[in-house]
Amino acid sequence: MTSHYNKDINGWIILDKPQGISSNQALRKIQYLLQAKKAGHIGTLDPFATGVLPLAFGEATKLIPYLESSEKTYEFTLKFGQATTTDDTEGEIIKTSPKIPLKSEIEQIIPQFIGEITQIPPKYSAIHINGERAYNLARNGKDFTVPARLISIKSLKLLEYKKETTSANFRVTCSKGTYIRTLGKDIAEKLNTCGHLTALRRTQSGFFNLSDTILLDNLKNMLYKTSGASPILPVETFLCDITVIALTADETLKLKSGQPIDSTNFKTVDKVAAACYNNKLIALVKHQENFLMPIRVFNL
């Protein structure tokens, strides 16, 4: 019996992930639609969250380790006066407070969250604790501690203060591993109250943003049509964020067979670079002594 996943699909789909499904569920739905052999995604979004989710297929999956540490931007709504078990609307209310901060108070504490800060991820998260997912331990009522981690907040801005709904909208740009639910809870606690997120949307992941995305329903319509634009972006789409070098035919053959090439003509390459021939990605390379060494070779 032949596998359903039998097609060599290479490239990217930048999904606008809908609410209510996990990142992995979204990926598997699309992998099934494409019948793609190999697939992966960059950055996990909770089922509660929506927005930019880059999906890699085939040879594009080789790029995930080089892109997943990129900065992310989110917009979120924080409701003051109620804390929940999950720090969002999916949990049960466990605490209330009559204190609703003023707009001026919010603006005053924002600088305290910019730069390198310590954050304790939520218990309802995918972090591993002694080999178990934290959310499984939390659901089973187990007592455990999540270790603090150092994260980086590049910018945090108050977009709108809504007194009538006791909430505020924010935009944050942050490092990989930042939990926005925890950031919201910590902001509320700094303001001597409590709070939880009522909306969370990723607007940017690295150089991919909402303008690059496609809705799941629109994607299905495109795939079922026999003609029309392909939703799959080329593997080379990521090259706007990395040094690109042009190869000769001989250099291409060497890299494709895993051999290093002379770096004399590429002295400016000081980190990972993309080596291309006729605008096609051949390999990711790094400088080592007088050579460029292939660290990932692509079969496109």
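Only helices enter the 222 nm calculation for the chain: every DSSP H run of n ≥ 4 contributes -39,500 (n - 2.57), and dividing by all residues gives -5000 deg cm²/dmol, rounded to 500. The phi-based Karplus calculation (6.51 cos²θ - 1.76 cosθ + 1.60; θ = phi - 60°) puts the 3J(HN,Hα) values of segment 105-118 at 5, 4, 4, 5, 8, 3, x, 5, 9, 9, x, 7, 9, 9 Hz, whole numbers, x for Gly and Pro. Taking 21 Å as the limit for the C-alpha separation, the pairs LYS29/LYS280; LYS72/LYS286; LYS162/LYS190; LYS79/LYS185 exceed it in the case of LYS29/LYS280; LYS72/LYS286.
Using the average count of surrounding beta-carbon atoms within 10 Å as a protection proxy, the listed peptides 200-207, 112-119 rank, highest first, as 200-207, 112-119. Relative to the longest principal axis of the Cα atoms of the chain, helix 23-34 runs at roughly 40 degrees. Hey, what angle do you get for helix 180-190 against the long axis of the chain, alpha-carbon based, 0 to 90 degrees rounded to 10? The answer is roughly 30 degrees.
Full extension of the chain between GLU189 and LYS142 yields a length gain of 14.5 nm, computed as 0.36 nm times the residue separation minus the alpha carbon distance. Phi-derived couplings, Karplus 6.51 cos²θ - 1.76 cosθ + 1.60 at θ = phi - 60°, listed residue by residue for segment 35-47: 6, 6, 5, 9, 8, x, 9, 9, x, 8, 10, 4, x Hz, with x used for Gly and Pro. For PHE48, the residues whose modelled amide H falls within less than 5 Å of its own, excluding neighbours fewer than 5 places apart on the same chain, are GLY20. Which label belongs to the value computed from this structure, given these candidates for Rg and Dmax of the Cα atoms in Å: (1) 22.4, 72; (2) 18.8, 59; (3) 24.3, 86? Recomputing Rg and Dmax of the Cα atoms in Å here gives the entry labelled (1). By the equivalent-ellipsoid construction on the alpha carbon gyration tensor, segment 72-203 comes out with semi-axes of 24, 18, 12 Å, ordered largest to smallest.
Between GLU116 and GLN35, residue separation times 0.36 nm minus the direct Cα-Cα distance comes to 24.9 nm. Here segment 242-297 has an Rg and Dmax of 9.5, 27 Å, counting Cα atoms alone. Applying 1/(1 + (r/R0)^6) with r as the Cβ-Cβ distance of HIS128 and MET222 and R0 = 51 angstrom yields a FRET efficiency of 0.90.
Readers should treat all values here as calculations from the given coordinates under stated rules, not as data from a laboratory. Remember, it's a predicted structure, so these values are computed and weren't measured experimentally. Cβ atoms come from the backbone with ideal geometry, glycine included; neighbour counts cover every protein chain shown.
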